[in-house]
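The values are calculated or read from the model by the stated rules, or taken from the named source; none is laboratory data. Bear in mind that the values here come from a model prediction, so they are computed numbers and not experimental data. Methodologically, a virtual Cβ is constructed for each residue, glycine included, from the backbone with ideal geometry; neighbour enumeration extends over all protein chains shown.
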Amino acid sequence: MAFNDALNMAGSYYAATAHRAPEHPRLTGEIDVDLAVVGGGCTGLSAALHAAERGLSVAVLEGGKVGWGASGRNGGQVIPGLRKGAVELTKAYGPERARALFVLALEARTLVCALIKRHAIDCDLHITGHLLAAVKDSDLRDMEEEVDCLGCVMDYHEAYLLSAADTRAQVASDYRGGLLDHSGGHMHSLNYALGLARAARAAGAAIYENTPAVGLAKGAINRLATADGAVRARMVLLAGDALLQGLEPEVNKRIMPVANYVVTTAPLPNAAELIPYDAAVSDSRFVVNYYRRTTDGRVLFGGGERYTPDPPRDIAAFVRPHLEGVFPQLKGVAIDHAWGGLVSITRSRLPHLGRRGEVYFAHGYSGMGVILSTLGGKLAVDAMLGDSEGFDLFASIAPPPFPGGVALRGPLHMLGMLWFALRDRL
């Protein structure tokens, strides 16, 4: 947790504007439950909610504060689908399997919207579209192929190709064109996570904060040890994502923790002119810039890359050149909030779901976890209770381990990222 804690979540826009949340106790002593969940982010909270609603006793162990991992730090972009687009999925798995994966991923958006409505989660949800903006002409040609594949293979007709002029109407920056998905949008990530926690508690789940799991002993009854106690459970879900620390070494080999950095500007008088239709926007760079408006008239912007484990001393100064590169008209704008966080990626950039006996895991959303994480938690519970079709579909495309295992994945990934960043610039 130490590195993530150094990335100023307390100074984030989300923390500054979050709804008041109850404090959850530390676990002391030993307890017995049906399901023990490691991680109080959206994967773990979704699993806790769905399991408790179906009659299981549940304990969630969160090493810090609920929602203060990747779930409450991200860009808040609601993007239907997977990190691999329709064309890549079809080339990799064939049309039938690719469509099954894509349709399953679309359930994440439906699920999140339904939970927000059913549990009255106030999280500034705006289904105002997601725009993928093309930086190069070749990117726009790829997007044209993507729209065709979405329609012909996936039978998905919410995405449209935009010209440079049409893209300019969506965002006051220079792009070659774009792909607009009308089913996308954005929300307040932390308030969504806190809403899931409230719903899970109301359904009967117990949540423990400041209670990192420090050991896992597997057996007919699994035992998760903490500093001051333990949880005994027939089933375990590891939902710590980038913060999962060695509880299951085989799992850790397949994810890579990476840091991203985000800022919000001061409230702007012209925020609506910058993104007139309030879409969430990301661009086609390998190292993505992503941004959106907030309900109080700011621009929330994530961008830049860093290849060493230490965070920048001044996150605002680090992100500013990327913000001003997209919006030169914001040069010198005041930045009110700056923070970062760890997310996990996989080599395939597809989620990593699987199980070892009655120990399940769901993580590795590779930048798409805003809504996929909620689905991952639900699919794990479905599998625990006998309906494993969706879970097994994702498990069947488990990403390969990073070369060199946990020890070498960082240096090798750093070299790869340097290459792709150079390619972006060229």
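Structure values in brief
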quantity	calculated
Among the candidates 227, 159, 165, residue that is exposed (fewer than 15 other Cβ atoms within 10 Å of the Cβ) and within 30 Å of residue 274 (Cβ to Cβ)	165
The one condition in (1) assigned to a helix (DSSP H, G or I); (2) in contact with a helix residue (DSSP H, G or I) (Cβ under 8 Å, 6 or more places away or on another chain); (3) over 20 Å from residue 123 (Cα atoms) that residue 312 fails to fulfil	(1)
Subset of the stretch 379-406 [in contact (Cβ under 8 Å) with a residue 24 or more places away in the chain, assigned to a loop (DSSP other than H, G, I, E, B) and either under 18 Å from the mean Cα position of the chain (by Cα) or at positive phi (or both)]	398, 399
Looking only at the stretch 182-197, and only at residues there that are touching a helix residue (DSSP H, G or I) at 6+ places or on another chain (Cβ under 9 Å), of a type outside the set (A, V, I, L, M, F, W, C) and part of a loop (DSSP other than H, G, I, E, B), the one that is surrounded by the fewest Cβ atoms within 10 Å (Cβ to Cβ)	183
Which numbered condition residue 188 fails, given (1) in contact with a Pro (Cβ under 6 Å, 6 or more places away or on another chain); (2) modelled with pLDDT of 95 or more	(1)
Pair list, Cβ under 9 Å, 6 or more apart: the stretch 286-304 residue more than 17 Å from residue 79 (Cα to Cα) and modelled with pLDDT of 95 or more, other residue part of a strand (DSSP E or B) and of a type in the set (Lys, Arg)	299/292; 299/293
Selection status of residue 279, aliphatic (A, V, I, L, M) and more than 21 Å from the chain's Cα centre (by Cα)	no
Tabulated pairs, the stretch 305-321, first at pLDDT 95 or above, second of a type in the set (Ser, Thr, Tyr), C-beta under 7 angstrom, 6+ apart or interchain	315/261; 318/261; 319/261
Filter result for residue 234 (crowded, with 21+ Cβ neighbours inside 10 Å, in contact (Cβ under 8 Å) with a residue 60 or more places away in the chain and either part of a loop (DSSP other than H, G, I, E, B) or of a type in the set (Lys, Arg) (or both))	no
Any hit, the stretch 56-63, residues being farther than 16 Å from residue 209 by Cα, over 18 Å from the mean Cα position of the chain (by Cα) and not in a strand (DSSP E or B)	yes
From the options 86, 47, 52, residue that is more than 23 Å from residue 189 (Cα to Cα), at pLDDT 95 or above, touching a helix residue (DSSP H, G or I) at 6+ places or on another chain (Cβ under 8 Å) and among the aliphatic types (A, V, I, L, M)	86
Condition broken by residue 241, with the remaining ones in (1) of a type in the set (Asp, Glu); (2) buried (at least 21 other Cβ atoms within 10 Å of the Cβ); (3) at pLDDT 95 or above; (4) touching a Ser or Thr at 6+ places or on another chain (Cβ under 8 Å) satisfied	(3)
